[in-house]
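Enquirer: Just dropping this structure here.
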């Protein structure tokens, strides 16, 4: 009696996964004692690397006192969020 061979599937690329997935959102609250350092380091150390390297849309909502992250259609890996 022969056993059936296991099927071999090619690895799925992150772009193939992210095409079928809706945009995802994440809201991170910023406590009062971390807000000033966050604002000082925002442009060069936080915003640009996340936006350019991970392709995640990010903004600081000062009214709601939180950082908002959203995947974009060209985000290479949805687990970056």
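Enquirer: Counting other beta carbons within 10 Å of each residue's own, what order do 9, 25 fall into, fewest first?
Expert: Arranged by neighbour count, lowest to highest, 9, 25 become 9, 25.
Enquirer: Also, quick follow-up: Which of these, 11, 64, 30, has the largest mean-square fluctuation under a Gaussian network model of the chain (Cα springs below 10 Å)?
Expert: Of 11, 64, 30, the Gaussian network model singles out 11 as fluctuating most.
Enquirer: Helix-derived [θ] at 222 nm for the chain: sum -39500 (n - 2.57) over DSSP H runs of at least 4, divide by residue count, nearest 500?
Expert: Taking each H run of at least 4 residues, the total per residue is -7000 deg cm²/dmol.
Enquirer: Simple spin-label model, 7 Å along Cα-to-Cβ: residue 50 to residue 25 in nm?
Expert: With each label point 7 Å from Cα toward Cβ, the separation is 1.5 nm.
Enquirer: Okay, moving on. How compact and how long is the chain, expressed as Rg and Dmax of its alpha-carbon atoms in Å?
Expert: 18.9, 70
None of the figures in this text is laboratory data; all of them are computed from the coordinates on show. Keep in mind that this is a model prediction, so the values were computed, not measured. Glycine gets a Cβ as well: all are built from the backbone with ideal geometry, and neighbour counts include every protein chain shown.
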